[in-house]
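A short write-up of the structure that comes next.
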Amino acid sequence: MPKKRKKDRKARKRRVPGQAGTVAEVEDFLDDEECEELEAHEDRDIFRQFTQVYPAPADAVQAACSGEQVEWHGRVEGGLMRHRVLGGDNPVVEQAVFMDGFLASASCCGWLQAQDTAKAERGILTTLAELHEVCRPVLEAEIRTIRPDYRAQELHPFSEEAGDGPQGFPRFGLRVTYPARELTDWEQTRDPATWNMAQVFSSFLGYDEQIPELGRDALIARLQLNGVPAIRCVRCGVPLTDRHPRWNGVWTCPIAEIGTLCEVSSDAYDHDGTYMFTDSDFGHPHQPEHSLLT
Ligand SMILES: [Zn+2]
């Protein structure tokens with residue numbers, strides 16, 4: 001099972017600039033009781049439909065080999081994951097987690113900025129591989145406190161076409177495949193550190209506080225080093241692009257509620273007796289870092 005989220009709801013509900021939309025934001029609208037219910041429901045529903053239809057991996061392999069699409073995807077504890085069976089001569093079960101959070105928005109903006117998107121794509125894959133190398137021992141050690149002989153799976157970065165990706169931005173993630181014919185139980189395909197790797201991409205569990213390489217400055221620096229021209233706002237810190245065709249030449253970030261609007265201190269909205277509106281109601285544009293601008 002993935003690690004439990006911190007119980008501090010306030011901390012979880014606080015919107016983190018640069019954080020992509022997640023289940024937690026939906027939870028803003030729920031009270032604590034509904035929240036607990038949602039969590040219990042989340043836990044119960046993991047794989048349930050999937051495993052009801054395919055009680056054992058062999059059943060799923062048979063279905064996949066006869067052309068059926070055998071796939072589960074969803075969010076567990078806020079982390080975006082997929083489980084699927086790929087048929088063929090050597091069928092495999094794939095356990096995948098997807099890039100998310102600040103790294104995803106920074107990668108997307110960097111990819112949109114790039115002159116050479118193939119090079120940017122390679123850079124994002126390298127970044128994912130490096131981050132996994134950094135995180136894997138930490139995730140493994142956590143699970144070893146309860147399972148001393150545990151070894152975390154080695155994951156491989158991947159990208160794939162995403163039908164709804166912005167301007168063709170691919171879907172990125174990390175995955176492991178298990179030769180399906182060797183499996184007797186689904187549990188053999190549920191590596192807990194792999195699941196927890198999905199949580200690394202969100203800020204909920206505080207891995208970014210525990211692992212310095214996951215800090216925002218460090219992520220931006222690593223992307224840049226790997227040839228991804230990731231640019232941030234010097235004022236509010238969100239990743240930026242001015243190459244989205246709907247916002248041509250305007251610096252924006254792929255988080256709908258932020259977009260082109262730089263975050264300003266909330267007292268700018270305190271009108272303090274002003275009848276209509278003040279000049280600050282027009283907001284401020286983002287201010288890109290200049291290091292990578294040409
Ligand atoms: Zn800004």
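Summary table
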| read-out | value |
| --- | --- |
| Residue in the stretch 240-252 that is polar (S, T, N, Q), more than 21 Å from Ser203 (Cβ to Cβ) and modelled with pLDDT under 95 present | yes |
| Conditions (1) of a type outside the set (Ser, Thr, Tyr); (2) modelled with pLDDT of 90 or more; (3) closer than 26 Å to Val134 by Cβ; (4) within 15 Å of the ligand (Cβ to nearest atom); number of the one not met by Leu261 | (3) |
| Test result for Arg190, within 19 Å of the chain's Cα centre (by Cα), within 19 Å of Trp72 (Cα to Cα) and at pLDDT 95 or above | no |
| Of residues in the stretch 264-289 being part of a loop (DSSP other than H, G, I, E, B) and within 14 Å of the ligand (Cβ to nearest atom), the one modelled with the lowest pLDDT | Ser265 |
| Lone unmet requirement of (1) at pLDDT 90 or above; (2) surrounded by 14 or more Cβ atoms within 10 Å (Cβ to Cβ); (3) over 24 Å from Ala218 (Cα atoms); (4) of a type outside the set (Ser, Thr, Tyr) for Gly67 | (2) |
| Hits in the stretch 222-252 (condition: surrounded by fewer than 24 Cβ atoms within 10 Å (Cβ to Cβ), more than 14 Å from the ligand (Cβ to nearest atom) and among the aliphatic types (A, V, I, L, M)) | Leu225 |
| Evaluation of Arg175 against (1) among the charged types (D, E, K, R); (2) surrounded by fewer than 17 Cβ atoms within 10 Å (Cβ to Cβ); (3) modelled with pLDDT of 95 or more (one fails), failing number | (2) |
| All positions within the stretch 150-189 that are touching a residue at least 24 places away in the same chain (Cβ under 8 Å) and of a type in the set (A, V, I, L, M, F, W, C) | Ala152, Leu155, Phe158, Phe169, Phe172, Leu174, Val176, Ala180, Leu183, Trp186 |
| Residue in the stretch 128-136 that is under 15 Å from the mean Cα position of the chain (by Cα) and either hydroxyl-bearing (Ser, Thr, Tyr) or surrounded by fewer than 23 Cβ atoms within 10 Å (Cβ to Cβ) (or both) present | yes |
| Breaking point among (1) touching a Gly at 6+ places or on another chain (Cβ under 9 Å); (2) surrounded by fewer than 21 Cβ atoms within 10 Å (Cβ to Cβ); (3) aliphatic (A, V, I, L, M), for Ala218 | (1) |
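The values are calculated or read from the model by the stated rules, or taken from the named source; none is laboratory data. What you see is a predicted model; the values in this text were computed from it and never measured. All Cβ positions, glycine included, derive from the backbone under ideal geometry; neighbour counts span all protein chains shown.
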